[in-house]
Amino acid sequence: DTGVSQNPRHKITKRGQNVTFRCDPISEHNRLYWYRQTLGQGPEFLTYFQNEAQLEKSRLLSDRFSAERPKGSFSTLEIQRTEQGDSAMYLCASSETRPGELFFGEGSRLTVL
Amino acid sequence: GNSVTQMEGPVTLSEEAFLTINCTYTATGYPSLFWYVQYPGEGLQLLLKATKADDKGSNKGFEATYRKETTSFHLEKGSVQVSDSAVYFCALRAYNQGGKLIFGQGTELSVKP
């Protein structure tokens with residue numbers, strides 16, 4: 001197993017454009033989490049899935065953000081009408097249903113010009 | 001609400017020096033506590049954890065003891081190496097919160113030869 005995989009690793013976009021990030025978790029992990037990390041800060045929770053069900057969304061997840069995990073495997077995080085304040089590292093993590101350790105991917109860095 | 005506070009960095013030490021990174025938390029109930037490490041250019045990795053009061057987590061020479069009376073989980077290492085240079089994050093997982101982690105802001109450690 002190669003761990004949690006995220007793509008693309010880096011995305012540069014212009015303000016107002018839509019972007020989508022993909023996360024492939026560790027194959028036997030039922031839970032999948034999205035976090036956002038800005039420079040000099042710790043990761044902030046955005047949302048998580050148990051299989052295909054989205055069970056919690058943070059208030060940080062505005063209407064422009066949507067996450068899906070349609071078949072309970074990979075997940076996508078889409079940001080519509082990007083703003084400069086969306087520039088951050090977007091982290092994905094996965095775990096077993098009874099969580100012990102969260103396994104993180106290397107992140108997808110978004111730069112909004 | 002649940003939160004984690006870490007000492008501010010950066011922390012700069014000479015090789016073989018003693019390391020302490022302070023971490024305190026606020027949580028209802030009895031959270032599990034974690035230290036994650038992020039080496040340059042890499043994803044977050046679990047360093048150690050403790051799931052109940054007075055537990056000591058340890059790994060790679062690092063230790064942290066879950067102190068319920070002081071709501072603390074300070075990270076220590078007796079003799080740091082240049083390879084320990086990284087950003088260290090303290091985190092908690094509250095009971096019945098879907099397994100998500102709440103992180104502190106991170107403490108950057110730089111070890112000089």
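The values are calculated or read from the model by the stated rules, or taken from the named source; none is laboratory data. Everything numeric here is computed off the predicted structure, so don't read it as measured data. Here the Cβ positions follow ideal geometry from the backbone for every residue, glycine too, while neighbour counts run over all protein chains shown. For the accessible areas, the whole protein counts, side chains as well, though only heavy atoms, and no ligand, DNA or RNA atoms are used. Shrake-Rupley method; radii C 1.70, N 1.55, O 1.52, S 1.80 Å.
Conditions: (1) of a type in the set (Ser, Thr, Tyr); (2) crowded, with 20+ Cβ neighbours inside 10 Å; (3) out of contact with any Phe, Trp or Tyr (no Cβ under 7 Å at 6 or more places or on another chain). B:Thr24 meets all but one. Number of the miss?
In the conditions (1) of a type in the set (Ser, Thr, Tyr); (2) crowded, with 20+ Cβ neighbours inside 10 Å; (3) out of contact with any Phe, Trp or Tyr (no Cβ under 7 Å at 6 or more places or on another chain), B:Thr24 misses (2) alone.
Would segment A:77-85 turn up any residue that is acidic (Asp, Glu) and surrounded by fewer than 19 Cβ atoms within 10 Å (Cβ to Cβ)?
Checking segment A:77-85: at least one residue is acidic (Asp, Glu) and surrounded by fewer than 19 Cβ atoms within 10 Å (Cβ to Cβ).
Within the group A:Glu78, A:Glu56, which residue is more than 24 Å from B:Ile102 (Cβ to Cβ) and either aliphatic (A, V, I, L, M) or part of a strand (DSSP E or B) (or both)?
A:Glu78
Inside segment A:27-64, can you point out the residues that are within 10 Å of the chain's Cα centre (by Cα) and not basic (Lys, Arg)?
Those that are within 10 Å of the chain's Cα centre (by Cα) and not basic (Lys, Arg): A:Leu32, A:Tyr33, A:Trp34, A:Tyr35, A:Phe45, A:Leu46, A:Thr47, A:Tyr48.
If you check A:Tyr35, A:Tyr48, A:Tyr90, which single one turns out to be crowded, with 21+ Cβ neighbours inside 10 Å, aromatic (Phe, Trp, Tyr), within 14 Å of chain B (Cβ to nearest Cβ) and in contact with a Pro (Cβ under 7 Å, 6 or more places away or on another chain)?
A:Tyr35
Would you pick out the residues in segment A:93-112 that are more than 7 Å from every other protein chain (Cβ to nearest Cβ), touching a residue at least 12 places away in the same chain (Cβ under 8 Å) and out of contact with any Leu (no Cβ under 6 Å at 6 or more places or on another chain)?
If the condition is that a residue be more than 7 Å from every other protein chain (Cβ to nearest Cβ), touching a residue at least 12 places away in the same chain (Cβ under 8 Å) and out of contact with any Leu (no Cβ under 6 Å at 6 or more places or on another chain), then A:Glu96, A:Thr97, A:Phe103, A:Ser108, A:Arg109, A:Leu110, A:Thr111, A:Val112 are the ones that fit.
For segment A:59-75, what are the residues that are open to solvent by 30 Å² or more (accessible area, probe 1.4 Å) and either part of a strand (DSSP E or B) or within 12 Å of chain B (Cβ to nearest Cβ) (or both)?
Answer for segment A:59-75, where residues must be open to solvent by 30 Å² or more (accessible area, probe 1.4 Å) and either part of a strand (DSSP E or B) or within 12 Å of chain B (Cβ to nearest Cβ) (or both): A:Arg59, A:Ser66, A:Glu68.
It is to be established whether one or more residues within segment B:40-53 are away from chain A (no Cβ under 13 Å) and either at pLDDT 95 or above or in contact with a Phe, Trp or Tyr (Cβ under 9 Å, 6 or more places away or on another chain) (or both).
Yes, there is a match, as at least one residue in segment B:40-53 is away from chain A (no Cβ under 13 Å) and either at pLDDT 95 or above or in contact with a Phe, Trp or Tyr (Cβ under 9 Å, 6 or more places away or on another chain) (or both).
Matching residues to (1) in a strand (DSSP E or B); (2) closer than 15 Å to B:Leu19 by Cα; (3) touching an Asp or Glu at 6+ places or on another chain (Cβ under 6 Å):
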| residue | (1), (2), (3) |
| --- | --- |
| B:Tyr36 | yes, no, no |
| B:Pro40 | no, no, no |
| B:Leu46 | yes, no, yes |
| B:Leu92 | yes, no, no |
| B:Gly99 | no, no, no |
| B:Gln105 | no, no, no |
| B:Val111 | yes, yes, yes |
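Read through the list (1) more than 18 Å from A:Gly42 (Cβ to Cβ); (2) under 15 Å from the mean Cα position of the chain (by Cα); (3) away from chain A (no Cβ under 13 Å); (4) open to solvent by 40 Å² or more (accessible area, probe 1.4 Å), then give the number of the only condition that B:Asn59 fails.
Unmet for B:Asn59, out of (1) more than 18 Å from A:Gly42 (Cβ to Cβ); (2) under 15 Å from the mean Cα position of the chain (by Cα); (3) away from chain A (no Cβ under 13 Å); (4) open to solvent by 40 Å² or more (accessible area, probe 1.4 Å): (3).
Counting only residues that are closer than 15 Å to B:Gly99 by Cα and not in a loop (DSSP other than H, G, I, E, B), which one in segment A:16-32 is least open to solvent (accessible area, probe 1.4 Å)?
A:Leu32
Output the residue which, of all residues in segment B:61-109 that are hydrophobic (A, V, I, L, M, F, W, C) and in contact with a Lys or Arg (Cβ under 6 Å, 6 or more places away or on another chain), is farthest from A:Tyr35 (Cα to Cα).
Selected residue: B:Phe62.
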